[in-house]
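Below is one structure, written out as structure tokens; the observations come after it.
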Amino acid sequence: MMHTRQTNRKGKTQRPAASRSISAAAALLVAAAVIAASGCASNASKREINGWKLTETEEGAALVRYEKDRLRILGEISEEETEGRVFTVREVRWFSNWNDGWTEAVLFADGTARLVPSEKKGETAVFEGPVLLDEPYSAAIRYRDTVIVGAEAASAFKRRLDRIEAAVEFLSAREELRERAKSRKTFIRGAGSLLFPEVYGYPDGSRPGPKQADNRSKAEGISWDLAYSAEYIPAELAEIRNSGTLFRDWEETADLFYFIFIMRSDTK
């Protein structure tokens, strides 16, 4: 089913009401995202997720919202004799938009957290393991006047997810980013510098390559430094970086890079 475009009085495209309920795949990260900021380095098995709003329904299901509803985690709350209140993750959803469109997706997910009292936030979710995600089973993507849904959209989102996960694997090996991951803002600056120095500035210890045409690749309006790619970027990422594809992924879903990064077990 195709979504109908809606525009406000200023002529800007709005997210369709029907699509708002779908929400998206990036989700996997969700549960994780958060985590980074809570001093996980000292305790690799437990991760606190702060700043999330938990809303329970009569059926016991719960919705966790983070960053203006871009990320949502759905699951169930139960009372356990030894663990207290337990939140079981069933589904993760993602939504993001940019100047020319929006993307949303939904994934089945599996993870468990204990809900512990917090003086400031009511309850804090403490995850004792990663949130495991399945492939996106629902997605919708709009680019300008074109909207794709169903299997085509899910496949496109999965390809993007694969590229982002490959980039995160490279980033997770950089010790300096672990500290920066405690803040989304500092992570974006640090990861942006490593992946796209032409835009964010070159990281310490590296320098721009020659500016001759045969050492540059123009794509997405940027002249990509091929020498930097060859020296600092893994071969499997170099081509999609030089083509501008990875930068397009970043521009449209930078938060997804962040959330996947902090969800990885080796970054805790």
**Length added when fully stretched, residue 57-residue 159, from 0.36 nm per residue minus Cα-Cα** = 33.3 nm
**Request:** Describe numerically, in nm with one decimal, the distance between label points set 7 Å from Cα along Cα→Cβ at residue 170 and at residue 151.
**Result:** 3.2
**Request:** Classify the range 115-258 as rounded, prolate or oblate from the Cα gyration tensor: take a ≥ b ≥ c as the square roots of its eigenvalues, call it rounded if a/c is under 1.5, otherwise prolate when a/b beats b/c and oblate if not.
**Result:** oblate
**Relative packing of peptides 131-141, 239-249, 150-160, 200-210 - highest average C-beta neighbours within 10 Å first** = 131-141, 239-249, 150-160, 200-210
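Read-outs throughout are calculated quantities, based only on the coordinates presented, and are distinct from any laboratory measurement. Please read these numbers as outputs of a predicted model, since none were measured by experiment. Virtual Cβ from ideal backbone geometry, glycine too; neighbours counted across all protein chains shown.
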